[in-house]
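Participant: Would you mind keeping the following structure in view while I ask a few things?
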Amino acid sequence: MAGNWLKLEASTPDKPEVLAITVAMGWDDPDLVVGKLFRAWRWFDEHTIEGNAPRVTVALLDRIIGVSGFASAMAEVGWLVIADDGLSLPNFDRHNGKTAKDRALTAKRVATHKANAKSNADNVTDALPREEKNREDIQKKEAKASSAPARKIELDADGKWTGIPIAQRSTWETAYPALSLDAELAKAAAWILANPKNKKSNYARFLTNWLSRAQDSARPATPSNQQRFDPVAFVNRNRTDHGRNHGTIIDV
């Protein structure tokens with residue numbers, strides 16, 4: 001939730017003036033001094049114009065701060081001016097008031113904007129080389145794959161075929177639908193192992209010829225002497241109404 005605020009430097013607790021006030025007050029904790037300073041600065045920010053407090057005495061300021069002698073300790077380090085007509089904070093416009101706060105906010109926004117702009121620029125700069133490198137890697141892999149020679153079909157010592165591309169299997173299955181492709185490949189392998197002198201130099205061609213012959217052998221033969229269907233004989237063999245048509249032969 002937004003509200004009134006004071007500009008407080010991060011180095012304030014370690015400033016020599018704070019340490020001097022700590023000694024003057026007989027304390028051993030500078031953080032206690034910072035807390036009392038905050039009360040004093042807050043009062044001046046809320047109740048004075050440009051840090052001038054006419055007719056306000058040291059005793060009244062000590063009462064506002066909550067401890068006697070603190071206003072005098074501030075004056076000793078130059079952080080409070082004590083005059084006959086009142087009190088004032090030197091360089092009030094550097095740290096207090098609307099103008100100082102506006103300057104602080106503006107400086108913070110500018111710093112944040114610069115940091116974000118640098119981060120975005122670095123991300124874009126880093127992303128471009130990575131994208132280019134990824135594209136080059138993909139192109140190299142594609143070129144390598146396209147230039148790689150096709151693997152040769154071989155038969156190992158255990159009778160297992162190697163190097164048969166999936167596309168080749170698909171072609172064979174489409175061309176020879178009457179066959180069990182794996183069974184025929186096993187038969188061809190067994191034949192080669194049983195006839196080592198017939199080892200082939202081009203197994204792709206050998207297997208294609210093997211499957212073609214097996215496909216032809218698997219086609220059912222059409223008998224040339226198939227008996228012609230005789231509808232009259234069929235009816236006479238299957239008559240069931242003996243009472244009405246017993247002994248009658250249908251002639252067509």
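The values are calculated or read from the model by the stated rules, or taken from the named source; none is laboratory data. The shown structure was predicted, so the numbers you read here are calculated from the model rather than taken from an experiment. A quick note on method: Cβ atoms are made from the backbone with ideal geometry, for glycine too, and the neighbour counts reach across all protein chains shown.
Participant: Any idea which of (1) modelled with pLDDT under 60; (2) more than 49 Å from the chain's Cα centre (by Cα) is the one Ser146 doesn't satisfy?
Facilitator: Condition not satisfied by Ser146: (2).
Participant: Consider region 154-197. How many of its residues are part of a loop (DSSP other than H, G, I, E, B) and either among the β-branched types (Val, Ile, Thr) or surrounded by 11 or more Cβ atoms within 10 Å (Cβ to Cβ) (or both)? Let's see the steps before the verdict.
Facilitator: If we filter region 154-197 for residues that are part of a loop (DSSP other than H, G, I, E, B), which is where we start, we get 156-160, 163-165, 176-180, 195.
Next, only the ones that are either among the β-branched types (Val, Ile, Thr) or surrounded by 11 or more Cβ atoms within 10 Å (Cβ to Cβ) (or both) stay: 159-160, 163-165, 176, 178-180.
Total satisfying the criteria: 9.
Participant: Shifting gears a bit: List every residue pair whose Cβ atoms sit under 9 Å apart, with the two residues 6 or more apart in sequence or on different chains, where the first one lies in region 160-174 and is among the aliphatic types (A, V, I, L, M) and the second, anywhere, is part of a loop (DSSP other than H, G, I, E, B) and modelled with pLDDT of 90 or more.
Facilitator: What qualifies is Ile164/Ile153.
Participant: Taking Val110, is it among the hydrophobic types (A, V, I, L, M, F, W, C), surrounded by fewer than 14 Cβ atoms within 10 Å (Cβ to Cβ) and either farther than 30 Å from Leu211 by Cβ or at pLDDT below 70 (or both)?
Facilitator: yes
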